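Beneath this line is the structure, given in C-alpha cells, with notes to follow.
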Amino acid sequence: MRAAIISQGSISSQWVVDECKKLFDAVDALDIKDFEVSLGGKEPQVFYQGKPLEHEYDCIYAKGSFRYVTLLRSLTTILGKACYMPIKGPAFTAGHDKLLTHLVLQSANVPQPKTYVVSTSAAGKKLLKKIDYPLVMKLPAGTHGKGVMLADSIESASSMIDALALLKQPFLMQEYVETNGTDTRAFVVGDDVVASMKRTAAEGEKRANIHAGGKAIACEIDAYAKKVALDTARAVGADICAVDMLMGPKGKPMVIEINLSPGLQGITRATKVNVAQRIARFLHQKAKEFRIKQAGLAIKEVVPEKEVITRLDFRGNRMLLPELVTTLTKLSDEEVVIKLEKGKFSIERVTQ
C-alpha cells in the first residue's frame, strides 16, 4: 500500500512520515505549497510541482495552516474519492474558522462558552453593557493563540473593538471562563483519545498555548470529556485532530477550539505517548479497510462473489484473510477442507 502525507514539512509531519514508512510499502512526503488544482475540464486535475500527481494512493493525510484552507478542501474533495483521507473537505473550512467551528459545535450540542459574533464596532459596543468581565475577543482565523485578546474592563474592550472593526471582518466576543490559566488538549485519533495534556499559561499570560510560552503536563480526562472531544471531531468531520477544552467551575468541559494540524512535540513530550505511531497505525488500518471496501464494490460490479483481488496480511507465520472473504463465502466457525498447492489454496465447507 502507498500513502502520502501532505503538509508544510514540520517536525511533527516528519514523525508521522517516519512511522508510516514502517507500515506502508511506500510513503511520499509532499509539500502543500507545491500543489495546484485545475478545474473546468471534463475532470478536475491535481498537479504537484507542475506535473500531474504521479502516484495513486491508498491513504492521503493532508493538513496545513489556515492559509491553505481552500487548497486543502479542494485536494480532499478531488482525491478523497479514490483513497482514505482522515479529514473531510468541509472540515478544513469549519475547523480553520473559529466562527464556523462554534456554529458546528452549536448544531451538534457540544458544550462551549457563550459566544457572540459581531461585525461592526457599534454592534460590539452594544453588547459591552450586557456581559461580564474579563471578556475574550477573538479573530475568526489564527493559530497558536494568535488573534486572542483579553479585555478586563468595558474601556479596554471598547478600544479593542475599535481596533478589530478596522479589519472589516466579523469577530467573536466570548465569556471568560476562570481556569487559573489552564486548558486541556485531547488528541483524537479515530474513535479514541490517544493522549491528553493540561497546559498552563506562562506568568503574566492568559493563553495556555505552548507556542505562547505555556507549560504542559500529562493528564487523564474522564469519560465525559473524552465523549465531548470525540463528538467535536465527528461534528467537524476529522478523524485526526486536537480538541482544546476549558474545564468550567463544575469541572465540565467546554470546547474552545479544534486544531486540524496539531503539533506532536508538546503532547509527545508531556505524555510519553508516541502519537505519531498511533496516527500511522490508524492510517494503515483505514487504508486497508478502504481498499477492501473498494474491492468489494468492484467484485459486485464485475464478478459477483467469485474473486477478491487483495494482498495477504501476515501475522508471524499466520495468514489473515480479508473480512470481505468471510462476508462473501458466508463461512463461520465450522469444519472446512483446505486444499493446498504451491501458490494457491482453496477452502470448502465440509458437507454432511
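The values are calculated or read from the model by the stated rules, or taken from the named source; none is laboratory data. Since this is a predicted model, take the numbers as computed values, not measurements. Cβ atoms come from the backbone with ideal geometry, glycine included; neighbour counts cover every protein chain shown.
None of Ser74, Ser38, Ser10 is in contact with a strand residue (DSSP E or B) (Cβ under 6 Å, 6 or more places away or on another chain), among the hydroxyl-bearing types (Ser, Thr, Tyr) and surrounded by fewer than 17 Cβ atoms within 10 Å (Cβ to Cβ) except Ser38. Contact map, the range 1-21: first residue part of a helix (DSSP H, G or I), second residue among the polar types (S, T, N, Q), Cβ cut-off under 7 Å, separation 6 or more or different chains; pairs are Ile11/Gln265; Ser12/Gln265; Ser13/Ser7; Glu19/Gln277.
Scanning the range 218-240 for residues that are part of a strand (DSSP E or B) and under 18 Å from Leu99 (Cα atoms) gives a single hit, Ala238. Are any residues in the range 102-118 among the hydrophobic types (A, V, I, L, M, F, W, C) and either modelled with pLDDT under 90 or not in a loop (DSSP other than H, G, I, E, B) (or both), and if so, which ones? Those that are among the hydrophobic types (A, V, I, L, M, F, W, C) and either modelled with pLDDT under 90 or not in a loop (DSSP other than H, G, I, E, B) (or both): Leu103, Val104, Leu105, Val117, Val118.
The set of residues in the range 181-214 that are at pLDDT 60 or above and of a type in the set (Lys, Arg) comprises Arg185, Lys198, Arg199.
Out of everything in the range 289-314 that is closer than 30 Å to Ser12 by Cβ and either surrounded by fewer than 18 Cβ atoms within 10 Å (Cβ to Cβ) or within 19 Å of the chain's Cα centre (by Cα) (or both), what residue ends up being modelled with the lowest pLDDT? Within the range 289-314, the match that is modelled with the lowest pLDDT is Arg311. Consider Tyr48 carefully, then state whether it is out of contact with any Gly (no Cβ under 6 Å at 6 or more places or on another chain) and under 30 Å from Asp191 (Cβ atoms). Against the criterion (out of contact with any Gly (no Cβ under 6 Å at 6 or more places or on another chain) and under 30 Å from Asp191 (Cβ atoms)), Tyr48 does not qualify. Looking at Ser156 and the list (1) within 30 Å of the chain's Cα centre (by Cα); (2) surrounded by 15 or more Cβ atoms within 10 Å (Cβ to Cβ), which single condition is not satisfied? Ser156 satisfies every listed condition except (1).
Give me the residue from the range 211-265 that is without any contact (Cβ under 8 Å) to a residue 40 or more places away in the chain and closer than 26 Å to Ala280 by Cα and, out of that set, nearest to the chain's Cα centre (by Cα). Step through it out loud before you land on a result.
From the range 211-265, those without any contact (Cβ under 8 Å) to a residue 40 or more places away in the chain are 213-215, 219-224, 227, 250-251; that's our starting set.
Now restrict to residues that are closer than 26 Å to Ala280 by Cα: 219-223, 227.
Values: Cys219: 21, Glu220: 21, Ile221: 19, Asp222: 21, Ala223: 20, Lys227: 16 Å.
Ranking the qualifying residues of the range 211-265, first place goes to Lys227.
Exactly one residue among Phe24, Phe47 is assigned to a loop (DSSP other than H, G, I, E, B) and over 23 Å from Asp97 (Cα atoms), and that residue is Phe24.
Taking into account only those residues within the range 100-130 that are surrounded by fewer than 18 Cβ atoms within 10 Å (Cβ to Cβ), under 22 Å from Asp244 (Cβ atoms) and aliphatic (A, V, I, L, M), which is farthest from the chain's Cα centre (by Cα)? If you could, list the steps in order and put the result at the bottom.
Step one: filter the range 100-130 for residues surrounded by fewer than 18 Cβ atoms within 10 Å (Cβ to Cβ), giving 100, 103, 106-109, 111, 113-114, 116-117, 119-123, 125-130.
Narrowing further to those that are under 22 Å from Asp244 (Cβ atoms): 100, 103, 106-109, 111, 113-114, 116-117.
From what's left, aliphatic (A, V, I, L, M): 100, 103, 108, 117.
On the way: Leu100: 16, Leu103: 18, Ala108: 17, Val117: 25 Å.
My answer is Val117.
Among the residues examined, Leu72 qualifies as part of a helix (DSSP H, G or I), under 20 Å from Gly263 (Cβ atoms) and modelled with pLDDT of 90 or more.
For the range 79-101, the tally of residues that are farther than 23 Å from Phe282 by Cβ, free of Cβ contacts under 8 Å to residues at least 60 places away in the same chain and in a helix (DSSP H, G or I) stands at 2.
Residue count for the range 43-98, restricted to those that are within 15 Å of Gln8 (Cβ to Cβ) and in contact with a Pro (Cβ under 8 Å, 6 or more places away or on another chain): 1.
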